[in-house]
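Have a look at the structure below, then the notes.
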Amino acid sequence: MRGKQTIWRPHKAARRMAGWLLVAGLLTACSPRLNWREVPAAGAPLKFLLPCDPLSAQRQLELAQGLDLGPVRMSMTGCDADYATFALSHFLLPQRERAGEVLAAWQAVVMGQLGQAGPAESGLQRLQLKGDGPFLPKGALNLPQSLRLSFEGVGPQGWKLTAHAVWFAQMETDGVRLYHAVIYGDKPRAAAASTFFEGLQLQ
């Protein structure tokens, strides 16, 4: 490629919003096109589509202050492609009755990071795109907090970011598993978001 081009590194914002390292490489201006393939979610009964080779990691972390959950063991699988980060996170919550409450807190954490001061501040804008609203893949719990949202704001590194995100839950023997799938990019990616979210298949 010729000439000087800006190198955008979306994965750094995504890592900070998740609070831990997912991807070690740098995304360059020669990012590959989307090449969708089905992959399993590590440690969860779910298959989904990613447009690039997946990387996975786990870490103990505090989801949000005030929940009184203690650290949760979060798993994440994702990758960078076409100037965007695609990621799926999940963890098992033993207290089934708290599924809706914890999903709502998880949404507030993600949106608060992108809004810098929280969803109520001008730093975050809800986009209200087609498909936003209740999100209930087959096998998911019917919870008011099971949602698909699109929003834009400024990430911790000062970059403008657009996000397409879903949150949902699935009952398991030992509790309820909570999921969050998201695309972070430099602009809205409605077609990619539809492919990504429609490919989420609970087993």
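The values are calculated or read from the model by the stated rules, or taken from the named source; none is laboratory data. Quantities reported herein were computed from a predicted structural model and do not represent experimental measurements. These accessible areas exclude ligands, DNA and RNA; they are computed on the full protein's heavy atoms, side chains included. Shrake-Rupley method; radii C 1.70, N 1.55, O 1.52, S 1.80 Å.
Think of a 1.4 Å ball rolled over the protein heavy atoms: the range 89-203 then has 44 Å² of accessible area per residue. Whole-Hz Karplus values for the range 146-155 come out as 7, 9, 10, 9, 10, 7, 9, x, 10, x Hz, taken residue by residue from phi with 6.51 cos²θ - 1.76 cosθ + 1.60 and θ = phi - 60°; glycine and proline positions read x. Does the range 59-143 come out rounded, prolate or oblate by the C-alpha gyration tensor, with a ≥ b ≥ c the root eigenvalues, rounded set by a/c under 1.5 and, if not, prolate when a/b is larger than b/c and oblate if not? Rounded. The HN-Hα couplings worked out from phi for the range 170-181 by the Karplus form 6.51 cos²θ - 1.76 cosθ + 1.60 (θ = phi - 60°) are 9, 6, 10, 4, 9, x, 10, 9, 9, 10, 9, 10 Hz, whole numbers, x standing for Gly and Pro.
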